[in-house]
1. List every residue whose amide H lies under 5 Å from the amide H of VAL422, counting only residues 5 or more places away in sequence or on a different chain, with H placed 1.01 Å from N in the peptide plane.
2. Cut-off under 18 Å on the C-alpha distance; same-chain residues fewer than 8 positions from LYS534 excluded. Which lysines are left, in chain and number order?
3. Provide Rg over Rh for the chain; use the alpha carbon set for both Rg and the Kirkwood Rh (inverse mean inverse pair distance).
4. If R0 is 35 Å, what FRET efficiency do you get for GLN671 and GLU571 from their C-beta distance, rounded to 0.05?
5. Just to make sure I understand: if all protein chains stay in place, what is the order of VAL94, VAL460 by accessible area at 1.4 Å, largest first?
6. State, to one decimal in nm, how far the label point of ASP24 lies from the label point of LEU45, with both points 7 Å from Cα in the Cβ direction.
7. Would you mind checking the pairs LYS343/LYS402; LYS343/LYS403; LYS473/LYS531; LYS178/LYS305 and listing those with alpha carbons more than 21 angstrom apart?
8. How much of the accessible area of segment 362-411, in percent, comes from carbon and sulfur atoms when a 1.4 Å probe is used?
Amino acid sequence: RSVYDGEEHGRFMEKLEARIRNHDREIEKMCNFHYQGFVDSITELLKVRGEAQKLKNQVTDTNRKLQNEGKELIIAMEELKQCRLQQRNISATVDKLTLCLPVLEMYSKLREQMKSKRHYPALKTLEHLEHTYLPQVSHYRFCKIMVDNIPKLREEIKEVSMSDLKDFLESIRKHSDKIGETAMKQAQQQRNLDNIVSQHPRISGGKKSKKEGCASSDLEVKNTSPMSEQDSGILDVEDEDEDEEVPGAQDLVDFSPVYRCLHIYSVLGARETFENYYRKQRRKQARLVLQPPSNMHETLDGYRKYFNQIVGFFVVEDHILHTTQGLVNRAYIDELWEMALSKTVAALRTHSSYCSDPSLVLDLKNLIVLFADTLQGYGFPVNQLFDMLLEIQDQYSETLLKKWSGVFRNILDSDNYSPIPVTNEDVYKKIVGQFPFQDAELEKQPFPKKFPFSEFVPKVYNQIKEFIYACLKFSEDLHLSSTEVDDMIRKSTNLLLTRTLSNCLQNVIKRKNVGLTELVQIIINTTHLEKSCKFLEEFITNITNVLPETVHTTKLYGTTTFKDARHAAEEEIYTNLNQKIDQFLQLADYDWMAMEPGSKASDYLVDLIGFLRSTFAVFTHLPVSHLHQIVSFSGKVAQTACMSACKHLSTSLMQLLLEAEVRQLTLGALQQFNLDVEECER
């Protein structure tokens, strides 16, 4: 800055050049000092160049020799390189094949499982193939083909498993009868076992009840793993002898198709579709099962087959409920059972109403009880069935009354209306054993002797007892109290006495050409039957263990029935006597204009009095052993009959005089008429 500011450029340049010259002189001085060393160094370098050339020639020669010698090695090394490359490729190929072979093996296994219809294992294999093996080799073309086929294979498995389920459902529908029959046999055996245990309580401590054993075994039986290799539907079971153990109902069924199909659809994410399909199909089958055949009422086998099918259906559903998680639920089962119960009760009401055979009705009742007990054992409510049985009981009583009406008619029609003769002690004891009769005077009499009543008395008495037994049979196993059973028997017996037997007796009494002797015997017979009513009361009390003094106990109306019959017979006696008198009076032929009377009473009147005398002699020739009844009878019926006959005869004779046709009469005619009246008085 000072140079430029002072404008002393020239001076500065001079100073600078002087400085340069000083430096040049110093450099030159230094070079001159080292020059000899430089010359020596050049000389040395020239020598080194010659040696270097020699060395180069030697190296070139050595290299040439080395190249010649190394050609074979290079060839060998090249071959080694190729081998190493091939080895590496082979190793890589083996590694890739190691990844691919399991995929191919799994796919081959899958096709084999599909071919042998092992669908659930095939689905599992497909899952492993898709999620474990194929992702490792997904870049190969054959793997892409497999991946594209997987949805098709799934759909194929789905369709085939559904086909197996359809076969299973069809097989179940066809074999419901057999399944139900087996379940009902099992229930029958259980009931028999319970009866034996109740009769021999000491045995029950040492043995487990069969139902408990079956309950646990039934849940295990045929709970086949979904991995099962076979689909069989219904297993063949030969008919066993009755002495052999009846297999559990589930022993007959292989449920593995259901389990497999359920698992397959669950894995495929379509469980809800499967559940809806299964329930829909089973509802359809339920409606078919609950449709009774039109001729079901004709035989017991018709009812049995109907019940077997219903039981079979619900046994299968109950097993499915307990062995699958939610395929069916309790609400679904209850809904089906409600529908089944209403349809079954309606069908039984309709078809049982056609039945007129009490034996068939009784067998039907036993079958319904077994049906109800079987389903109750599986947890289904059956109260409606027992309520319906009480309705059928009324129908049973009606069929019994019709049957016994015929029995009573046959007994009354075939009776000879004569006292029963006995010739020895055995016959006497037999009749006394059949009918409660005690008479000390008759027992003292020597053989042969006669009972006061005819054969229809012990026969009718025994038939009343048979009727009571028949009513009792129906009440068995209905879970009724002894009071209810007693009430049912007494009401039915009252209907038998007041309606059926009463009508039969009235028909016998009112029929044409019934004789006075028969009417008298009927009066004696009904008197004995009336006295036997207290023994019938005791008989009912003994079989029901309900004392007559119990509140609400129905009384037997037999006394009234037999009294009414006796009164009807008495009235018939009076009516018959009067009709006979009228017949004789029709023979009266008075000559009202006769001048002289006859010497004796009119012939028709003599015959009439003879008839009346022989008629009333019937009352005096009754068995002596029944003397106390004869006294009562002659004191009432005979006297009343005599009074009725006399009054009717008196009135009729007066009518003869007062007839409009008799316009005049003579004293002779009046005297003849007077003779007849005196004969009547005498």
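1. LYS449, LYS450, PHE451
2. Once the sequence-local lysines are set aside, what remains near LYS534 is LYS459, LYS465, LYS491, LYS555, LYS563.
3. Result for the chain is an Rg/Rh of 1.62.
4. 0.40
5. Details: VAL94 75, VAL460 0 Å².
The ordering from most to least exposed comes out as VAL94, VAL460.
6. Rounded to a tenth, the inter-label distance reads 2.6 nm.
7. Exceeds cut-off: LYS343/LYS402; LYS343/LYS403; LYS473/LYS531.
8. Of all accessible area on segment 362-411, carbon and sulfur atoms account for 48 percent.
The values are calculated or read from the model by the stated rules, or taken from the named source; none is laboratory data. Treat the numbers as computed from the prediction; the structure is a model and nothing was measured. Please note: Cβ atoms are built from the backbone with ideal geometry, for glycine as well, and neighbour counts cover all protein chains shown. Quick note on the areas: whole protein, heavy atoms, side chains included, nothing else; ligands and nucleic acids left out. Shrake-Rupley method; radii C 1.70, N 1.55, O 1.52, S 1.80 Å.
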